[in-house]
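Below is one structure; the comments refer to it alone.
A short reminder: the numbers here are calculations on the coordinates, not readings from a lab. Nothing here was measured: the structure is a model prediction, and the numbers come from that model. Reconstructed Cβ throughout: ideal geometry from the backbone, glycine too, with neighbour counts over all protein chains shown.
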């Protein structure tokens with residue numbers, strides 16, 4: 001089906017789980033045919049046994065199957081025993097995972113107590129000083145030997161005590177050595193983990209779980225795919241832990257997590273997941289459960305046309321080549337289509353739900369940064385003129401009745417387009433299914449320079465089917481722009497947010513799709529107005545999370561843990577309130593130095609806890625101000641942005 005060098009899952013057109021080896025973690029096996037496991041991480045001080053146990057119980061009762069706890073020093077590692085005993089006294093035997101970064105001695109203590117340890121190969125025994133150093137092959141090998149000597153004791157302890165290990169690479173904390181040879185790339189992430197895997201294998205230790213986390217969803221998905229590819233080629237099959245690191249909070253955090261994690265679950269990749277939200281950890285669990293539940297019985301989907309080869313590299317982002325049709329495709333950002341076909345538009349105010357606000361005093365429209373580009377009206381007639389920047393789409397049979405179809409365009413089926421007497425000279429939407437693409441009719445108007453395709457599907461494996469359509473366009477050299485359309489019925493708002501983020505996002509991060517269009521029922525929100533607001537906001541959020549259209553400030557905020565030195569939720573909200581108007585800016589908000597300059601990766605500015613009530617500010621990865629008093633830190637951050645000339649006053 002595919003070039004072996006591009007293979008990263010069982011099958012791109014037939015859903016099945018990628019089967020990994022089984023790793024037993026405290027009696028709850030991971031991998032193989034076992035369910036995708038749900039986990040999260042405590043945010044309490046690990047030395048506060050009572051608080052950590054209480055929070056752990058809330059997590060367990062929400063559905064958490066593994067609990068991760070930070071162990072930044074030997075003291076915290078030793079206290080894991082007390083936490084474990086208190087949980088057992090309360091009737092809970094959930095496996096515990098110790099989270100280790102810079103402290104091998106703490107890891108070796110923890111591995112004798114808990115069921116699993118997590119190490120980050122970028123900072124466990126490696127250098128991270130942001131120095132760009134060229135290593136000769138001999139020097140590089142000497143570094144590997146040094147790492148082996150420091151890492152081997154932990155492996156031997158894990159082997160002796162039956163403790164599992166996650167080797168978890170983070171995009172932002174690759175070592176200087178890895179950066180010097182591979183750069184800040186998915187390949188560097190994979191190789192960082194495999195170096196540690198080889199040391200484990202040399203010691204005949206295989207109770208390993210692997211992860212490739214990043215805040216950038218494109219990089220995260222590419223790294224996981226490349227990891228599986230390298231394992232397939234080398235005959236390995238270690239279980240995979242999925243997560244988007246520093247996803248943030250609220251709606252944005254859920255969208256970004258669903259996009260990255262869901263894109264991989266769609267291809268059967270993933271044995272355990274953690275949704276990293278800047279919220280209480282028990283709130284992460286329902287999101288994770290909802291993401292996993294969607295793939296129950298997925299194997300029963302409709303057949304998708306066979307595929308002999310993949311026409312693109314799945315490990316690198318590249319936008320599919322298209323020509324431009326009236327502002328769609330080419331070098332334009334993806335458009336957003338608002339569906340009003342089930343809604344009777346009564347007044348100007350109805351358009352406020354999609355970003356357009358009418359000022360009667362000035363007789364003009366104001367549009368915000370998340371204003372839809374097109375509005376689908378079906379056969380609906382409205383009695384006022386739309387804003388100039390909002391274009392209308394009508395069903396083709398209604399379109400031909402319009403006297404002056406300015407800024408309005410028809411939507412055809414493939415059969416209707418062939419027979420149409422009234423077409424637009426500049427833009428015609430043609431709705432297609434996968435079967436239409438493989439029909440003879442399709443060849444008659446592919447590459448028509450006025451046609452934008454709208455791909456729809458009712459397949460249970462909908463994303464895979466739509467992706468197969470994009471593959472076919474590439475294989476045939478068809479360069480028409482394509483709108484991705486999905487219908488969502490009988491689900492609530494939370495599921496719509498998660499499902500649509502996966503469905504659209506998984507295609508967008510592969511460079512597919514010149515627009516997005518979601519048709520929904522009321523999603524349980526009680527009104528059409530609330531539904532339209534949510535759908536429009538979600539679609540723009542998906543484009544932002546996929547990094548294909550930036551419409552707002554992005555916050556790269558860690559989910560907090562016992563290392564955190566301030567209230568992350570409170571501070572994130574405070575910074576958001578002051579900066580959310582800075583469209584396109586990326587601000588990292590990190591609880592400690594572990595999740596500091598590295599984890600922020602490509603943030604423009606960083607706000608990092610560096611001590612009790614102390615904050616360090618970053619410009620990119622450069623330290624600008626050290627150990628600022630917590631009370632003044634947000635003001636100092638705003639001052640830094642202003643000093644750099646990147647501040648604009650809110651409207």
Nearest 10 degrees, 0 to 90: what angle lies between the long axis of helix 528-545 and the longest principal axis of the chain (Cα atoms)?
-> 60 degrees
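Taking 0.36 nm per residue of sequence separation and subtracting the Cα-Cα distance, how much length would be gained by fully extending the chain between residue 160 and residue 82, in nm to one decimal?
Numbers: separation 78, 0.36 × 78 = 28.08 nm, distance 2.15 nm.
The span from residue 160 to residue 82 would gain 25.9 nm if fully extended.
If you take the beta carbon distance between residue 578 and residue 352 as r and set R0 to 35 Å, what does 1/(1 + (r/R0)^6) give as a FRET efficiency, to the nearest 0.05?
Numbers: r = 25 Å, r/R0 = 0.72.
So the FRET efficiency works out to roughly 0.90.
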Spin-label pair residue 550/residue 416, simplified geometry with 7 Å Cα→Cβ offset, distance in nm | 3.9 nm
For the chain, the longest principal axis of the Cα atoms and the Cα long axis of helix 250-265 enclose an angle in degrees, to the nearest 10, of 80 degrees
FRET efficiency estimate (nearest 0.05) - Cβ-Cβ, residue 105 to residue 382, R0 56 angstrom | 0.20
Projected label distance in nm at residue 369 and residue 621, using a 7 Å step from Cα toward the beta-carbon | 2.6 nm
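For every helix of n ≥ 4 consecutive DSSP H residues, a contribution of -39,500 (n - 2.57) applies; sum these over the chain, divide by its total residues, and give [θ] at 222 nm rounded to the nearest 500 deg cm²/dmol.
On the way: 18 runs with 223 residues, N = 651.
Calculated from helices alone, the mean residue ellipticity at 222 nm is -10500 deg cm²/dmol.
Quick one: order 344, 206 by neighbouring beta-carbon count within 10 Å, fewest to most. Please list the in-between numbers first.
Values: 344 10, 206 15.
Listed from fewest to most nearby Cβ atoms, that is 344, 206.
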Output row, site residue 152, 7 Å Cα→C-beta label point, backbone N cut-off 17 Å, window the stretch 178-220, residues 195-206
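Rounded to the nearest 0.05, what FRET efficiency do residue 487 and residue 139 have when you use their Cβ-Cβ distance and R0 = 60 Å? Don't jump to the answer; show the numbers that get you there.
On the way: r = 57 Å, r/R0 = 0.96.
Between residue 487 and residue 139 the formula returns 0.55.
By count of other Cβ within 10 Å, fewest leading, how are 86, 76, 134 ordered? Display every interim value, and only then the final one.
On the way: 86 17, 76 25, 134 8.
With the fewest neighbours first, 86, 76, 134 line up as 134, 86, 76.
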With labels modelled as points extended 7 Å from the Cα through the Cβ direction, what inter-label distance (nm, one decimal) is found for residue 45 paired with residue 570?
-> 1.5 nm
Measure nothing fancy, just the Cα-based angle from helix 462-476's long axis to the longest principal axis of the chain, in degrees from 0 to 90, nearest 10.
-> 70 degrees
Convex hull of Cα atoms in the stretch 330-428, direction-averaged projection (nm²) | 7.4 nm²
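Fewest Cβ neighbours within 10 Å first, please rank 534, 174 accordingly.
Numbers: 534 18, 174 27.
In increasing order of surrounding Cβ atoms, one gets 534, 174.
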Would you give the gap between the C-alpha center of the stretch 85-102 and the C-alpha center of the stretch 228-303, rounded to a whole Å?
-> 23 Å
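Between residue 649 and residue 14, what is 0.36 nm times their sequence separation minus the Cα-Cα distance? Round to one decimal in nm. Working shown, then result.
Details: separation 635, 0.36 × 635 = 228.60 nm, distance 5.13 nm.
Taking residue 649 through residue 14 to full extension adds about 223.5 nm, to one decimal.
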For the stretch 332-378 versus the stretch 152-183, the gap between their alpha-carbon centres in whole angstrom = 51 Å
